[in-house]
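J.: Just passing along the structure, written as structure tokens.
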Amino acid sequence: MLKWVLMVFCLLTMPCSFAAELVGVTALGGKVEMLAPAGFGPMPNAMLEIKYPSSRRPTEVLSNETGAVSIAFNHTQDAMLPGQVREAHIAISAMFHNLYPSAQWVRDEVVQQNGRDFMVLELVTPALDTQIHNIIYGTSVDERFLLVSFNTTVELSAQWLPLGKQMMVSLSIKE
């Protein structure tokens, strides 16, 4: 009987078979490290232009083949020292609350992770034909503001959100 209970427990707690192996990746010339699915790769330019049509396109984007799940790194030109993360969080949070008044908020805080302060915004926002679950981390790299965002459609969030959270918790800065 114990054997059956253990087998059922293992089956229920095993990751879904779709889940790719998480591997270490770097961005911004090695200054950012995190885990990402082995199958993720640079988002093709044609897809980047559709998903990020403005001139404020992220610096680097990794995604699955369809682009429905992605991690974007945007190392902005905005000056920011490591000690200004809490101040930036207040301003960015207010901006997101104004931009997305119908958003469903999950998290809105500053956390310390891997020896560094990160602002964390987690929210569900409307898109053209779906809703997007966003997990956004922000910090200072080279005295400039860095945003790292994990995005998945709500339809895929049951599969991808646990991995997305794992990826974002692994985020670290190497300076």
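Every read-out reported here was derived from the displayed coordinates using simple, explicitly stated rules and does not represent laboratory data. Note that the coordinates shown come from a computational prediction; the quantities given were computed from them, not determined experimentally. Ideal geometry is used to build each Cβ from the backbone, glycine not excepted, and the neighbour counts take in all protein chains shown.
J.: Using Cβ counts within 10 Å as a stand-in for footprinting exposure, how do Ser170, Ser63 rank, fewest first?
T.: The order, fewest Cβ neighbours first, is Ser170, Ser63.
J.: OK, next. Local charge sum around Gly30 (other residues, Cβ-Cβ under 15 Å, Lys/Arg +1, Asp/Glu -1)?
T.: -2
J.: Just checking my list (1) 18.3, 55; (2) 21.0, 71; (3) 17.3, 62 against Rg and Dmax of the Cα atoms in Å computed from this structure; which label fits?
T.: Calculated Rg and Dmax of the Cα atoms in Å: the matching label is (3).
J.: Now a separate question. Please give the helix 2-13 orientation as an angle from the longest Cα principal axis of the chain, in degrees from 0 to 90, rounded to the nearest 10.
T.: Value to nearest ten degrees: 30.
J.: Enter the angle in degrees (range 0 to 90, nearest 10) between the Cα long axis of helix 85-99 and the first principal axis of the Cα atoms of the chain, meaning the one along which they spread out most.
T.: 80
J.: Cβ under 13 Å from Val106's Cβ, Val106 left aside: what net charge do those residues give with Lys, Arg +1 and Asp, Glu -1?
T.: Numbers: positive: Arg107, Lys165; negative: Asp108, Glu109, Glu122.
That works out to -1.
J.: Magnitude of the Cβ-charge dipole of region 95-159, K/R +1 and D/E -1, about the Cα centre, nearest 20 debye?
T.: 40
J.: How about region 25-126: which trypsin sites (Lys or Arg not before Pro) there are in a DSSP loop, with at most 14 other Cβ atoms within 10 Å of their Cβ?
T.: Answer in residue order: Arg56.
J.: Using 0.36 nm per residue of separation minus the Cα-Cα distance, give me the extension gain between Asp78 and Asp142 in nm, one decimal.
T.: Value of the extension gain: 22.0 nm.
J.: Still on this structure, please answer the following. Kindly put Met168, Met47, Met34 in sequence by how many other C-beta atoms sit within 10 Å of each C-beta, fewest to most.
T.: Details: Met168 21, Met47 16, Met34 24.
Least crowded to most crowded, the residues run Met47, Met168, Met34.
J.: Moving on to the next point. I want the local charge near Val141. Using Cβ-Cβ distances under 9 Å, sum +1 for each Lys or Arg and -1 for each Asp or Glu among the other residues. Spell out each step's value before the answer.
T.: On the way: positive: Lys31, Arg144; negative: Asp142, Glu143, Glu175.
With Lys, Arg at +1 and Asp, Glu at -1, the net is -1.
J.: Just report the Cα centroid separation between region 32-91 and region 111-146, whole Å.
T.: Between the Cα centres of region 32-91 and region 111-146 lies a distance of 9 Å.
J.: Then there is this: Would you mind ranking Asp108, Asp78 by Cβ crowding within 10 Å, fewest neighbours first?
T.: In order of increasing Cβ crowding within 10 Å: Asp78, Asp108.
J.: Stretched out fully, how many nm does the piece from Ala91 to Asp108 gain, at 0.36 nm a residue minus the Cα gap?
T.: Working it through step by step, the gained length comes to 4.9 nm.
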